1. Considering only protein heavy atoms, with the full assembly of protein chains and a 1.4 angstrom probe, order K32, K50, K20 by accessible area, largest first.
2. Simple spin-label model, 7 Å along Cα-to-Cβ: Y21 to D62 in nm?
3. Just by accessible area at a 1.4 angstrom probe, what is the order of R66, R22 from largest to smallest?
4. Please give the solvent-accessible surface of V42 in Å², to the nearest 10, using a probe radius of 1.4 Å with every protein chain present.
5. How much accessible area does I46 have with a 1.4 Å probe, in Å² rounded to the nearest 10?
6. Might you work out the accessible area of D56 for me, using a 1.4 Å probe with all protein chains in place, and round it to the nearest 10 Å²?
7. By accessible area of protein heavy atoms, probe 1.4 Å, what ranking do E28, E39 get, highest first?
Amino acid sequence: MAPMYYRGATAAVIVFDASKYRAWDTMEIWHKDLTTYAEPGVIIGIAGNKADKPKDPSLDLDIVRRSCVDWGASLHFTSALTGEGVDNLFLELAKRSAASTAMRCIDNEELSLSSMQTQSPCCS
């Protein structure tokens with residue numbers, strides 16, 4: 001995919017067909033491209049799609065899980081057909097993105113204790 005689609009991305013989903021072993025073979029390439037062109041610390045969700053079909057028995061889930069841990073990515077098995085797991089995938093990415101944004105604000109001192117103390121209490 002063209003680098004312009006990754007540029008500035010703070011979160012992304014990489015999808016592979018969990019019903020085909022060979023689909024996982026390209027994941028490392030997708031991950032490398034994403035981390036090269038997206039924002040540093042991009043939040044990644046890995047979606048093993050077609051959860052409504054039997055998983056390919058030659059797909060080594062230990063390798064899939066280990067890769068996700070190494071990449072700091074969350075792993076979700078989803079189905080575009082039934083919608084299974086899709087909400088959980090995006091909810092997880094939203095939570096991680098919000099936490100990451102909050103940490104960047106703290107790191108950049110955009111959220112300071114002094115600015116919070118100058119706000120008037122609601123019940124004074």
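1. Numbers: K32 135, K50 65, K20 115 Å².
Solvent-accessible surface, decreasing: K32, K20, K50.
2. Taking the two extended label points, one gets 1.5 nm.
3. Details: R66 135, R22 175 Å².
Largest accessible area first, the list is R22, R66.
4. 20 Å²
5. Solvent-accessible area, nearest 10 Å²: 0 Å².
6. Result for D56: roughly 40 Å² accessible.
7. Numbers: E28 130, E39 80 Å².
Descending accessible area places them as E28, E39.
The values are calculated or read from the model by the stated rules, or taken from the named source; none is laboratory data. The structure presented is a predicted model; accordingly, all values stated were derived computationally and were not measured. Please note: Cβ atoms are built from the backbone with ideal geometry, for glycine as well, and neighbour counts cover all protein chains shown. Accessible surface is based on the protein model in full, side chains and every heavy atom, while ligands, DNA and RNA are left aside. Shrake-Rupley method; radii C 1.70, N 1.55, O 1.52, S 1.80 Å.
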